[in-house]
Each structure stands twice: as C-alpha cells, then as structure tokens.
Number of protein chains: 2
Amino acid sequence: MEVLQLDLDRTYQALRDVAGGDKFVPLHEPQFGGREWSYVKECLDTGWVSSVGSYVDLFEQMLAEICGVRHAVATTNGTAALHIGLLIAGVRPNDEVVIPTLTFIATANAVNYCGAVPHFVDSEWSTLGLDAAKLDNWLSEIGDRRENGLYNRQTGRRLAAVVPMHTFGHPVKMQDLVAVCSKWGLPIVEDAAESLGSLYLDNPLGGWGLVGAVSFNGNKIVTTGGGGAILTNDAQIAKRAKHITTTAKVPHAWAFVHDEIGYNYRLPNINAALGCAQLEQLPGFLARKRQLAVRYAESLQSIDGLRYFCEPKNCASNYWLHAVILDEPRERDEFLQYMNARGLMTRPCWTLMSELELFSNCPSSDLTVARNISARLVNIPSSATL
Amino acid sequence: MEVLQLDLDRTYQALRDVAGGDKFVPLHEPQFGGREWSYVKECLDTGWVSSVGSYVDLFEQMLAEICGVRHAVATTNGTAALHIGLLIAGVRPNDEVVIPTLTFIATANAVNYCGAVPHFVDSEWSTLGLDAAKLDNWLSEIGDRRENGLYNRQTGRRLAAVVPMHTFGHPVKMQDLVAVCSKWGLPIVEDAAESLGSLYLDNPLGGWGLVGAVSFNGNKIVTTGGGGAILTNDAQIAKRAKHITTTAKVPHAWAFVHDEIGYNYRLPNINAALGCAQLEQLPGFLARKRQLAVRYAESLQSIDGLRYFCEPKNCASNYWLHAVILDEPRERDEFLQYMNARGLMTRPCWTLMSELELFSNCPSSDLTVARNISARLVNIPSSATL
Ligand SMILES: Cc1ncc(COP(=O)(O)O)c(C=O)c1O
Ligand SMILES: Cc1ncc(COP(=O)(O)O)c(C=O)c1O
C-alpha cells in the first residue's frame, strides 16, 4: 500500500501565493489603522487611564450592539470573563462543567478557578466544536436527574453548566445545543473568545446562552492589548457581573463595604479606548479575513494530502485562525517544521485538555473525533493584513 | 464634661491652604508629564500592544532596581500579584493566612482565591500596619507547632503565611516582623501595593519577605492604567511566578502543553509602556508627595481635634495617601460630609475586614487598635500635583 505523501514545496508555494512575499509571516498580527492613536491620547491628556473615564462604557455599548446582546461588561481578559460567567451560571466547588476537550487551556482553567472539575466531551468535524447530538447521548448514559439538578452517576458530582467554544471563529450548532441543554436543564456559558463578529443563522455569537465570554488578547481579531467581556441579555446578570468584576463594592459616597468575594477584573480605560478604535474597524477586518478564506481555498484546492477548512453551513465565520486538515497525522510535524523554517508561521491545534497531565483524572465521554482533529489540523497565517 | 468640637471651617481652610483653589480636588490623581506619549505610540506603531514587545521586560527591570530586588514579574494588577505570591508561598485550600484586619479588600480576597481563610490581626498606631509584637504574643497563645507546620489550635487549620501591608505607604516594622515570622516558621508575602518608593531603614519595601506585591492601579503613585508586579530575590520563584501568570505553558516551538493550573495575569505591553514612563518620574512624584506632607503638617498643626499622621521613625514614606486622625470618632462623618460637599475629596479608612459580613466567621486576634484607627482616620487629597 502506497503511503500518501504531501508535497511540502508545492504547499509552501500555494500558501505563499496567498500570504505573499518571502518575509516572515506571523500567525496573526493586529492592525492599528484607525483612531487608536487619538482615543489613547485623549486618555493620557485627561488623565483617565484607569477606572475613571468613558471609554469603558462606550466599549461596552459598541460591543453589546455588535454581539446582539443587551449588556456587555468589559474585563481584564477573556479568561476573567469566562471565570465570572461560570460563577454567575451557578458553578460551585466540586461541580462538573461540560467543555470540549478541543479548546484552549483557559476554558478548563476557568472551570478550575470555580473549584469545579472539567468534564470533557467530543467535537464534530463540520464545526470543530462541541457535538450536541453526541452530548445528548452521553447525558442519557451518565445523567442522573435529581431534585436539585443533573448529576453524573459515574462520579456523583453535579453537572452545573455546558461551555461550547467556537473554534477559530467557526460557530457551534447553537440551535441544537440550546435544545439539548434546555432538555437537560443545563445553563450555557458560551466561550466566544475567538468568534467576535461570526454569525450563526444570521445572529452573532455570545448571546445564545445565559452568558458569553469574548477575548481581546493581542492575537484576536480585535485587541485591547489584553481584555475581554461578559455578554448577556439579562440586566440582573449584567449588574452582578459588573459588581463581582469590580471588587463587589456596595455603592456609597465614601464607605468601603464589599458584600461578596469580588475580583479586580475591570478593564482599564486606556485599554477600552484602544478597543473602541478597533471595534470601529471590525467590519473591514471581517471582510478581509473572509476574503482570505476564499483565496486560501482556491490556492490550496489542487494540493493532494490536505484540505482547507471552510466555515460550517448556515454560518458566516470570522475566520479568526485559518486551518488546513492534513490527511495523514504523521505528516503534521514535518509540515510545521518545513513552513516555520521558511518563515511561514504555522502551528498545530491545542493539545487536547484530556491529554494534559493536570486534567488526566477528569471525567470524559468518548473523544474520537477531537483526537482526530487535533492530530491533523494545522493553523496557517491568518492576519487581516494579508 | 465638655464635648470636643472640631472646627470644620478652620480645618477646611487649612486643607485648602495646601490643596489650593476652590475647585474640586480629587483624593489622588495621576500625572502624565513624561514620556508616556512616545512610549505608548511606539507600541501602536509597531503593533506590539499585547504579549509581544519589550516594555514588559524594561518595566520589570526598572521596577526590580527601584524596589531593590533581583526580580520583578509584571501582572494585570496588584490583586493578581498577591494571589500568585500567596500560591508561591505555599498557601493551600483550608490553610489560614495572617493579614491585618485594617487593609483593602484585595488582601483578604487574594487569600480566598487560594481557598484559604484570612486570620485577622491587629495594627499599631505608629505605623498603621501589622503589630509584630502583638502577633508574636497571639501566636504563643494559639500556635501549635507540628512536624509539618504551625497550626491554629483553635481551628485546627494550618497557618501558612503572614501578609503585612504598608498602609498608605507607611512601612510596617519589617525587621521585627521578619524576626517573629522566622521564629514561627511563617513565610512573609509583603503587600506593598501602596508603598512603591517608600524606604524602611534605608531599604525599599517589597523585598523583605519571600515575595512582595505592588499595584499600579490608577489611584497609585505610579500607574499603568491597571497593573501590578510580583517582587522576589529568588530566581526560582521569579521563574515560577512568570510561568503561572502566563498560563503555565511549557516552552516549545509550537506545541501547547501546560503543566499546572495557570492564569492569564500577564501585563499587556501597552500598559507596561505607560509604566516605564511613569517610573522615570517616580523620584519627582516622591519628592512632591513628601513636600506635601511637610505643608499639611504645618497647616494643620494649630487645629484642635485632629492630628496629621506623620511617617514612622526610621522610614521615608511615599505618603501615597495623606491622613488625619480625628480625636473623636463620632465627628468623622460630619467631617467627610463637610469636606466632600465643598469639593475637597476625603474618605474614611476601609471598613475592617473582620467587620464585613462575608468574613465574619474568620478567626481573629484582639483588634482594639485597628478598630480605633478605622474609626478615627480620614484620608485627605494626596496627589503629587498639589
Ligand atoms: C477558546 C478561548 N477561551 C478563552 C480564551 C481566553 O482569553 P484571554 O487570552 O483574553 O484570557 C481564549 C484566548 O486566549 C481562547 O482562545
Ligand atoms: C493594600 C492593597 N492591596 C492590594 C491592592 C490591589 O491592587 P490592585 O487594585 O492593583 O489590584 C491594593 C490597591 O488597590 C491595595 O491598596
């Protein structure tokens, strides 16, 4: 039987045809071509760089509109947003939280910050995200409905929430997932860290569950240096999110009373100023990233041994990170070595959470598809500047 | 018996003589008179606003030098620095951590983030900070030395660390505290959030214990919008601090392996750029704040019913927040109302941690002095710009 062999040089040329030049091309770089400068300067000129200043409010308003939710609460980063989202969804110590094994470490860490245990489930090929139908089957197998919630009959712990993550910007089938989660009585905390601007059934992501979390890290489609936000349609939840992320201080002319454990997760005004200028450019970023997808698809079409990953049906993805799927897992490291050595920055998918030593004792369903994706997927240069 | 009555109008005039004008005077406002502008612009021009960029390194170097320690690790804020400092000092779930009851909420919250319980102790009048001699007596009463550490014989929990906090910049008697803590085998995590630039026995604060934590919040003597740092003289600890604050990712050309629970506590490069420019101006800020102390002391000298709080002996305080001590606690709220209504921003001390509902079940020693301080102390306008 003949071994499939990817033609690395042809692939390299096809990628270069899109990414251009012969210089180093990073995986993702931000672009500051808007009013970043004047907004940040205003912060410095007024002295409002920190917790005082209007850019945080403006940023939250712009964001809520873009994400189609009633409220956005800005945070120091996406990890902080997820942490508070989980707390607000009612995740308590020793609960279990369902998350895809195929995700960035922050999703699992945020569960841990609540004292809870991640419960890993499988993804599906069409979206690279949580497989709702498979989750439904799995819950039928292990779910034990009790008066005060759903329990995992294998571990005896309460299942407290489900966290879908929109991998590289591609939407999870949220309609199916919402149906499954409401059937089982589980709140959804949407990890929309990577998917700002993506649409699913013509609606933005982040507002499909009880709360959503976005990231504005330096490598995201829109950046605030470091930043994040909690999204929700519920005014009470938004109020609580603002309260907990700002040390849970009770409003008073001068007295310092804090009525629960709070966090210093407030986004500084100077970072919000950067974010406002970036959000103004989001439509342009989206158009260019989606255009890049068309060019990659075309250029890589004739290459045997891999396929370019296209957005799922009924979606418009922000194509945060572009990806190819190799036919042969064992060719992956050679591919990475070859491209990185020649200045095309590429990287594999994350190590599955279930394969990290530190989460090795956590419960999980069958993870066949996620294992397959993780072994064969490679990210390629994805900047809107390309 | 005659009731002492503070002359509020005379006090107001004496404060205005120093704080100037008749406009609104905030408690503390930052000043951006240095190279903030050009450093931040460089970040935007190069696109290095986030985790890539050299300002974080430079900021850490400058800070280490200023604080007289070998290593500084920049973080999203002072709360994050304290959290990681405690983890590194070995604080584990269900431990107790000794902290002053007179402190900002972040000190107690950071203990809670580790799953540990704050154990409140008293302060002393001369420093407004932790009373080392009283702590020593208290440990003699409740301390139970066992093979694997010191235990609280009243609660059965392990005592894991001591966190002195330098109130408003005034140094705790660290020499005494270091002696007491080494006698009892307790590591010190120094909450130096408020005391950047202060000297105790000619040495900066933050490096007297195993680790120290600084804050660069917008209201601090030097600001990064939001920011903090972990200080230490131990290279291993510094390395671990950097590792845990940056998601505990194991270095690799492309693979994503994380070897313990980590955090996204990295300070963005754009905030570090601001910090570098601010640190360059620290000597000037210090000189002006110390000059302000001389002026306040003079101006308030002849007012009956209060005294201006001066730095402890053997110290040079950064005078982060200036304070007066009222003779009569019951005159405090009237004082605050009077001054705030006339545009002089003043505020009381924090509510004692032991008096907050959420910490009401935590262990504590006698807290007589802290109660007295908290009832009588008021902060007055303190900006270096005054
Ligand atoms: C899936 C996912 N979740 C959470 C996060 C956390 O966001 P941040 O880096 O802003 O903390 C990220 C981004 O880094 C992410 O990709
Ligand atoms: C005593 C004390 N500890 C900790 C902190 C926390 O610092 P930050 O606000 O940067 O999180 C502060 C400042 O707010 C403080 O005053």
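The values are calculated or read from the model by the stated rules, or taken from the named source; none is laboratory data. Computed from a predicted model, the values in this text were never measured in an experiment. In this analysis, Cβ positions are derived from the backbone assuming ideal geometry, glycine residues included, and neighbour counts consider all displayed protein chains. The accessibility values were calculated without ligands, DNA or RNA, using every heavy atom of the protein model including side chains. Shrake-Rupley method; radii C 1.70, N 1.55, O 1.52, S 1.80 Å.
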Inset, instruction - Ignore the peptide's own chain and count Cβ atoms of other chains within 10 Å of each Cβ in A:260-273; give me the average, rounded. - result: 6
Legend entry - Contour excess over end-to-end distance, with Cα ends at B:R330 and B:F24 and 0.36 nm allotted per residue: 107.6 nm
Inset, instruction - Tabulate in residue order the Karplus-calculated ³J(HN,Hα) for region B:146-155, using 6.51 cos²θ - 1.76 cosθ + 1.60 with θ = phi - 60°, rounded to whole Hz; enter x for Gly and Pro. - result: 10, 4, 9, x, 9, 10, 8, 6, 7, 10
Legend entry - Per-selection Kirkwood Rh - the protein assembly as shown (Cα, Å, 1 d.p.): 27.5 Å
Inset, instruction - Could you run the Karplus curve 6.51 cos²θ - 1.76 cosθ + 1.60 with θ = phi - 60° over region A:15-27 and give me ³J(HN,Hα) per residue in whole Hz, x for Gly and Pro? - result: 5, 5, 4, 8, 6, x, x, 9, 7, 5, 10, x, 5
Inset, instruction - Would you mind telling me which residue in B:A192, B:A287, B:A161 has the biggest mean-square fluctuation in a Gaussian network model of chain B, where springs connect alpha carbons within a distance under 10 angstrom? - result: B:A287
Legend entry - Heavy atoms of A:Y113 accessible to a 1.4 Å probe, total area in Å² rounded to 10: 40 Å²
Inset, instruction - With a cut-off of 18 Å, note down the residues of region A:109-132 whose backbone N falls inside the zone around a label point 7 Å from the Cα of A:N372 toward its beta carbon. - result: A:121-132
Inset, instruction - Return the long-range amide H neighbours of A:L199 (sequence gap of 5 or more, or a different chain), with a cut-off of under 5 Å between placed amide H atoms. - result: A:A316, A:S317, A:N318
Legend entry - Set B:K173/B:K289; B:K134/B:K242; B:K23/B:K220 screened for pairs whose C-alpha atoms are more than 26 Å apart: B:K134/B:K242
Inset, instruction - Could you tell me the distance between the Cα centroids of region A:349-386 and region B:350-375, to the nearest Å? - result: 48 Å
Legend entry - Within 10 Å of each Cβ in B:47-55, the average number of Cβ atoms from other chains: 5
Legend entry - Helix-only CD estimate at 222 nm, as mean residue ellipticity for chain B, using -39500 (n - 2.57) per DSSP H run (n ≥ 4): -11000 deg cm²/dmol
Inset, instruction - Sum up the charges of everything whose Cβ sits under 12 Å from the Cβ of A:I66, counting Lys and Arg as +1 and Asp and Glu as -1, but leave A:I66 out. - result: -3
Inset, instruction - Provide the packing ranking of B:372-379, A:174-181, i.e. peptides ordered by the mean count of other C-beta atoms within 10 Å per residue, highest first. - result: B:372-379, A:174-181
Legend entry - Exercise: per-residue mean of other protein chain Cβ atoms within 10 Å, A:217-226: 6
Legend entry - Neighbour net charge for B:P312 - beta-carbon separation under 10 angstrom, K R +1, D E -1: 0
Legend entry - Counted charge near B:L231, where neighbours are those whose Cβ lies closer than 12 Å (Asp, Glu -1; Lys, Arg +1): -4
Legend entry - Computed accessible area, B:H170, all protein chains, 1.4 angstrom probe, square angstrom: 0 Å²
Inset, instruction - Would you mind computing, in nm to one decimal, how far apart the modelled labels at B:C310 and A:E141 are, each placed 7 Å from Cα along Cα→Cβ? - result: 7.6 nm
Inset, instruction - May I ask for the accessible area buried between chains B and A, both sides summed, probe 1.4 Å, to the nearest 100 Å²? - result: 4300 Å²
Legend entry - Copies compared at A:A297 - label distances in nm, ascending, label defined 7 Å from Cα in the Cβ direction: 7.5
Inset, instruction - With r as the distance between the Cβ atoms of A:R92 and B:K249 and R0 = 41 Å, compute the FRET efficiency 1/(1 + (r/R0)^6) and round to 0.05. - result: 0.90
Legend entry - Sequence of A:W208, A:W138, B:W320 from largest to smallest accessible area, 1.4 Å probe: A:W208, A:W138, B:W320
Legend entry - Closest-to-axis residue of chain A (Cβ criterion, axis taking A to B), whole Å: A:T76, 3
Legend entry - Amide H partners (placed H, <5 Å) of A:L150, local residues excluded: A:L159
Inset, instruction - For the protein assembly as shown, give the magnitude of the charge dipole about the Cα centre (Cβ charges: +1 Lys/Arg, -1 Asp/Glu; no others), in debye to the nearest 20. - result: 140 debye
Legend entry - Teacher prompt: A:D45 distances to equivalent labels in other copies, 7 Å Cα→Cβ, nm: 1.9
Inset, instruction - One decimal, nm, shortest first: give the distances between the label point of A:L8 and those of the same position in the other copies, each label point 7 Å from Cα along Cα→Cβ. - result: 8.0
Legend entry - P(r) tail fraction, region B:36-281 - alpha-carbon pairs more than 35 Å apart, %: 14 percent
Inset, instruction - Using label points projected 7 Å from each Cα along Cα→Cβ, tell me how many nm separate B:R10 and B:I261, to one decimal. - result: 5.8 nm
Legend entry - region B:36-281 - percent of accessible surface contributed by carbon and sulfur, probe 1.4 Å: 50 percent
Inset, instruction - Please work out how much accessible surface B:K23 shows to a 1.4 Å probe, ignoring ligands, DNA and RNA, in Å² rounded to 10. - result: 150 Å²
Legend entry - Separation between Cα centres of region A:89-150 and region A:287-345, rounded to whole Å: 29 Å
Inset, instruction - Quick one: which residues, 5 or more positions from B:L306 or on another chain, have an amide H under 5 Å from its amide H? H modelled 1.01 Å from N in the peptide plane, none for Pro or chain starts. - result: B:D327
Legend entry - Gaussian network model of chain A, Cα within-10 Å springs - most flexible of A:G185, A:G68, A:G228: A:G185
Legend entry - Listed residues A:D191, A:D131, A:D9 arranged by accessible area, highest first, probe 1.4 Å: A:D9, A:D131, A:D191
Legend entry - Mean accessible surface per residue for region A:36-281, computed with a 1.4 Å probe while every protein chain stays in place, in Å²: 32 Å²
Legend entry - Beta bridges by DSSP in region B:36-281, antiparallel share as percent, to the nearest 5: 60 percent
Inset, instruction - Please turn the phi angles of region B:185-192 into ³J(HN,Hα) values with the Karplus equation 6.51 cos²θ - 1.76 cosθ + 1.60 (θ = phi - 60°), one per residue in order, whole Hz, x for glycine and proline. - result: x, 10, x, 9, 10, 8, 8, 9
